[in-house]
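The values are calculated or read from the model by the stated rules, or taken from the named source; none is laboratory data. Computed from a predicted structure; not experimentally measured. Don't worry about glycine lacking a Cβ; one is built from the backbone with ideal geometry, like all the others, and counts go over all protein chains shown. For accessibility, only protein heavy atoms count, side chains too; no ligands or nucleic acids. Shrake-Rupley method; radii C 1.70, N 1.55, O 1.52, S 1.80 Å.
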Amino acid sequence: MRTPIIAGNWKLFKKSSEAVDLVMNLAPLVKSVGGVEIIVAPVFTVLATVKRAIAGSTIKLAAQDCFWEEEGAFTGEISPGMLIDAGCSHVIIGHSERRQYFGETNETVNRKSKAALAAGLTVLFCIGETLAEREADKTFDVLRTQVRDGLTGLTKENLARIAIAYEPVWAIGTGKTATEDQAQEAHAFIRGVVAELYDHPTADAIRILYGGSVKPENIKGLMAQSDIDGALVGGASLKADSFSAIVNYGA
Ligand code: PEP
């Protein structure tokens, strides 16, 4: 049994008072949801504040990125140990916006994932094809390469602390969700790649989240797919009512 994860990626939104309001409104709405891991990923500057606000709730804290060095002359970066110090249990790595705008590659994603795991964080490891790649029939090649190169050098034991987020780039922030069949097909493929690279028990255990315009209206259908184990939610995680409705998909 794979415990579902519903994670909210707040991107570059929510200053401290807005962030606290959001989690204070969210916590009572998700209090009675069992069997779902609930995670929010605010900007770095409010991590510690949000950590205090979620104390006593079931909500966990993620950062949206980290560097691979623990400390040193790396102006502007933040290390996995610093994220732990701020109260994070999770970190998003390789989000398509970072790949697209900040030069993130499969190699940097791999280095970051290793460092985050070594520090004790759980990694939400993002992959996904662009529209051009899908239209050129390259989706599976792209996903295979992202999984293989991004996970290079990671052990089976490491994979217990990784969840893969399949986020087709064309579905992020566009209002265009992959159909349930498209998402299921990609998830089954990714699980197959993990089985090839590791083994079947590892592939069966790893959680694969879908991301891309997830909303209260489409979460149920997505979660009904056998290889979809949760969601990474952007826009709809910025409001307590929509995010809690997604977390409550099973109600
Ligand atoms: C995301 O930020 O990971 C995401 C999937 O965004 P949205 O839900 O807004 O498409």
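Details
- In region 126-144, the residues that are more than 24 Å from Ala7 (Cβ to Cβ) form Cβ pairs under 8 Å with partners that are part of a loop (DSSP other than H, G, I, E, B) and at pLDDT 95 or above, at six or more places apart or across chains, as follows: Lys138/Glu129.
- You will find that of Lys220, Lys156, Lys215, the residue that is within 12 Å of the ligand (Cβ to nearest atom) and surrounded by fewer than 21 Cβ atoms within 10 Å (Cβ to Cβ) is Lys215 and no other.
- Checking the stated criteria, Ile172 turns out to be open to solvent by less than 40 Å² (accessible area, probe 1.4 Å), under 14 Å from the mean Cα position of the chain (by Cα) and modelled with pLDDT under 95.
- Entry remark, region 223-251: residues being in contact with a strand residue (DSSP E or B) (Cβ under 6 Å, 6 or more places away or on another chain), within 10 Å of the ligand (Cβ to nearest atom) and not β-branched (Val, Ile, Thr) number 4 in total.
- Among the helices (runs of 4 or more DSSP H) confined to region 38-120, the ones with at least 2 residues that are of a type in the set (A, V, I, L, M, F, W, C) are located at 47-54, 80-85, 106-119.
- Identity of the residue in region 225-251, under 16 Å from Tyr166 (Cβ atoms) and out of contact with any Lys or Arg (no Cβ under 8 Å at 6 or more places or on another chain), that ends up most open to solvent (accessible area, probe 1.4 Å): Ser226
- Any hit, region 176-198, residues being away from the ligand (no atom under 16 Å from the Cβ), in a loop (DSSP other than H, G, I, E, B) and surrounded by 13 or more Cβ atoms within 10 Å (Cβ to Cβ): yes
- Qualifying residue in region 85-100 (condition: modelled with pLDDT of 95 or more, over 30 Å from Pro28 (Cβ atoms), open to solvent by 20 Å² or more (accessible area, probe 1.4 Å) and more than 18 Å from the chain's Cα centre (by Cα)): no
- Condition check for Thr130 on (1) away from the ligand (no atom under 16 Å from the Cβ); (2) open to solvent by 20 Å² or more (accessible area, probe 1.4 Å): one failure, at (1).
- The residue of region 1-46 that is surrounded by the most Cβ atoms within 10 Å (Cβ to Cβ), among those that are closer than 18 Å to Tyr210 by Cβ and of a type in the set (S, T, N, Q), is Asn9.
- Selection status of Leu209, crowded, with 24+ Cβ neighbours inside 10 Å and either more than 9 Å from the ligand (Cβ to nearest atom) or closer than 13 Å to Asn9 by Cβ (or both): yes
- Scanning region 106-127 for residues that are open to solvent by 10 Å² or more (accessible area, probe 1.4 Å) and hydroxyl-bearing (Ser, Thr, Tyr) returns Thr108, Thr122.
- Filter result for Thr122 (among the hydroxyl-bearing types (Ser, Thr, Tyr) and more than 16 Å from the ligand (Cβ to nearest atom)): yes
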